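S.K.: Dumping the structure here so I can ask a few things about it.
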Amino acid sequence: MVLFGLDYIPAFVTKSKATTKHYEKNGKFSVNTSENTVNPLNLGIAYSKDVSSDGSISEKIYEYATDNVGTPQLLTANIISVPIRTTIKNNGKIISQEEIKFEGNSLYPSSVVTRGINGSNEKTSMRFDSYNSNGNPIQYTVNPGSSSFFGISCNFNMGLQPVKNHC
């Protein structure tokens with residue numbers, strides 16, 4: 001590519017790593033390492049890993065429309081920077097997963113589904129009930145259909161702020 005008469009190759013950071021040391025008053029210290037990998041198609045974080053001084057490993061995996069997560073309408077509309085699925089692992093074991101669902105070919109989320117350890121206990125944690133003409137949510141329900149407690153509906157004025165006493 002040529003910019004201002006100079007040849008250049010576009011570049012970005014694909015991976016970053018940081019190590020921190022925490023010194024305590026007793027002279028001991030702990031070392032933590034964190035690492036991030038960037039998705040080259042949307043420049044969003046694809047993978048994050050933290051290793052603590054005791055050896056425990058915490059990981060987060062972010063999946064986007066570019067990762068073939070069943071949202072071709074988002075890819076077609078070039079909506080590629082919103083994480084659709086987030087998986088959290090602790091020492092290699094999946095402890096939770098959150099996924100934004102889209103009904104049909106809609107570009108607006110219909111619900112958020114969460115899963116527990118290794119994909120168990122799937123439940124809808126939020127349902128988007130209605131949107132205004134600008135695509136802003138004007139009503140959503142938290143924990144719809146939950147047997148442990150009632151779903152709570154929240155209404156918004158103009159899609160900007162909650163109506164008092166409704167959330």
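The values are calculated or read from the model by the stated rules, or taken from the named source; none is laboratory data. For clarity, every value in this text was computed on a predicted model and none was experimentally measured. As a convention, Cβ positions derive from the backbone with ideal geometry for all residues, glycine included, and neighbour counts pool all protein chains shown. All accessible areas refer to the heavy atoms of the entire protein, side chains included, with ligands and DNA or RNA removed. Shrake-Rupley method; radii C 1.70, N 1.55, O 1.52, S 1.80 Å.
S.K.: Need pairs with beta-carbon distance below 7 Å; first residue closer than 15 Å to K17 by Cα and within the stretch 33-58, second open to solvent by 50 Å² or more (accessible area, probe 1.4 Å) and acidic (D, E); sequence gap 6+ or separate chains.
M.R.: S34/D50; S58/D50
S.K.: So, of the residues in the stretch 51-77 that are of a type in the set (A, V, I, L, M) and at pLDDT 90 or above, which turns out to be surrounded by the most Cβ atoms within 10 Å (Cβ to Cβ)?
M.R.: That would be A65.
S.K.: Sticking with this structure for a sec: Can you name every residue in the stretch 78-101 that is part of a loop (DSSP other than H, G, I, E, B), under 23 Å from Q139 (Cβ atoms) and open to solvent by 40 Å² or more (accessible area, probe 1.4 Å)?
M.R.: Keep residues of the stretch 78-101 that are part of a loop (DSSP other than H, G, I, E, B), which gives 78-84, 91-92.
So of that shortlist, the ones also under 23 Å from Q139 (Cβ atoms) come out as 79, 82, 84.
Correct list: I79, V82.
S.K.: Can you find a residue that is in contact with a Gly (Cβ under 6 Å, 6 or more places away or on another chain) and without any contact (Cβ under 8 Å) to a residue 40 or more places away in the chain anywhere in the stretch 5-21? Let's see the steps before the verdict.
M.R.: Here is the first cut: in the stretch 5-21, the ones in contact with a Gly (Cβ under 6 Å, 6 or more places away or on another chain) are none.
Checked against the condition, which is being in contact with a Gly (Cβ under 6 Å, 6 or more places away or on another chain) and without any contact (Cβ under 8 Å) to a residue 40 or more places away in the chain, the stretch 5-21 yields no hits at all.
S.K.: Please state which one of S106, S48 is at pLDDT 90 or above, in a loop (DSSP other than H, G, I, E, B) and of a type in the set (S, T, N, Q).
M.R.: S106
S.K.: Further question on the same structure: Give just the number: which of (1) under 28 Å from T33 (Cα atoms); (2) outside any strand (DSSP E or B); (3) under 18 Å from the mean Cα position of the chain (by Cα) does D54 not satisfy?
M.R.: Here D54 clears every test but (3).
S.K.: Here's a follow-up. Can you tell me which of (1) within 30 Å of V51 (Cα to Cα); (2) in contact (Cβ under 8 Å) with a residue 12 or more places away in the chain is the one P109 doesn't meet?
M.R.: (1)
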